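The values are calculated or read from the model by the stated rules, or taken from the named source; none is laboratory data. If you're wondering where the values come from, they're calculated on a predicted model, not measured in any experiment. Backbone-built Cβ (ideal geometry, glycine too); neighbour counts: all protein chains shown.
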Amino acid sequence: MSTEKQPNKWVERFIKKPPKVKRKIKRKWLAYLILYIIGYIISLCVTGIPSLDYLIPFKLDALCFSIFIGETVTSPPVDIKDTLSPRWRGFVFGVISAVLVLIFIIVIYILETCNIITNLDPFFGIFGILKKS
C-alpha cells in the first residue's frame, strides 16, 4: 500500500475546469451581444435618427436592456429550497450593473467636460426622450 494521498474527485473537479464552462461563458457573452444589438435597434426605432450623433453604438438604454434581459435569459434554474444562491446572484448582478452604469456616466461626463460631445441625448437613447417630457 502506498502512503501517498490520492486526489479525490472533488479536488479534480475544482482544479481543472471542464470545457463545458468555456462554452457556457461564450454562449452567455453571445446572448449579451445579441441582446445589446436588439436594444440598440429598439433605441434607434424609438428615438429616430435626427442627426448622425444618434448612430453612436454606445447607448445606456441598450446596455441596460442587454444586462437585464441577458441575465434573466442566461441564469440557471434554481432549486426553491436554496434561498442563498439566488440572493447572492442577484446581489452580484446588481453590483456589476451599477458599476457598468457608473463607468458609462463617468465616460460621458469626461467627454462632455473635454468638449468632445455637446449633445448628451444620443447616449441616453430612450431615457433621453423620457427626460424631455
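Per-structure values
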quantity	calculated
Segment 56-79: number of residues that are surrounded by fewer than 16 Cβ atoms within 10 Å (Cβ to Cβ) and either within 30 Å of Ile117 (Cα to Cα) or aromatic (Phe, Trp, Tyr) (or both)	4
Long-range neighbours under 7 Å by Cβ, at least six apart or interchain, first residue free of Cβ contacts under 8 Å to residues at least 24 places away in the same chain within segment 88-117, second polar (S, T, N, Q)	Arg89/Ser75
Neighbours by Cβ (under 6 Å, 6+ apart or cross-chain): first from segment 41-52, at pLDDT 85 or above; second surrounded by 11 or more Cβ atoms within 10 Å (Cβ to Cβ) and part of a loop (DSSP other than H, G, I, E, B)	Ser43/Lys59; Ser43/Gly125
Set Ile56, Ile25, Ile37: member being of a type outside the set (Asp, Glu), modelled with pLDDT under 80 and either in contact with a Pro (Cβ under 8 Å, 6 or more places away or on another chain) or closer than 30 Å to Ile126 by Cβ (or both)	Ile25
Search result, residues across segment 31-55 that are surrounded by 12 or more Cβ atoms within 10 Å (Cβ to Cβ) and under 18 Å from the mean Cα position of the chain (by Cα)	Ala31, Tyr32, Leu33, Ile34, Leu35, Tyr36, Ile37, Ile38, Gly39, Tyr40, Ile42, Ser43
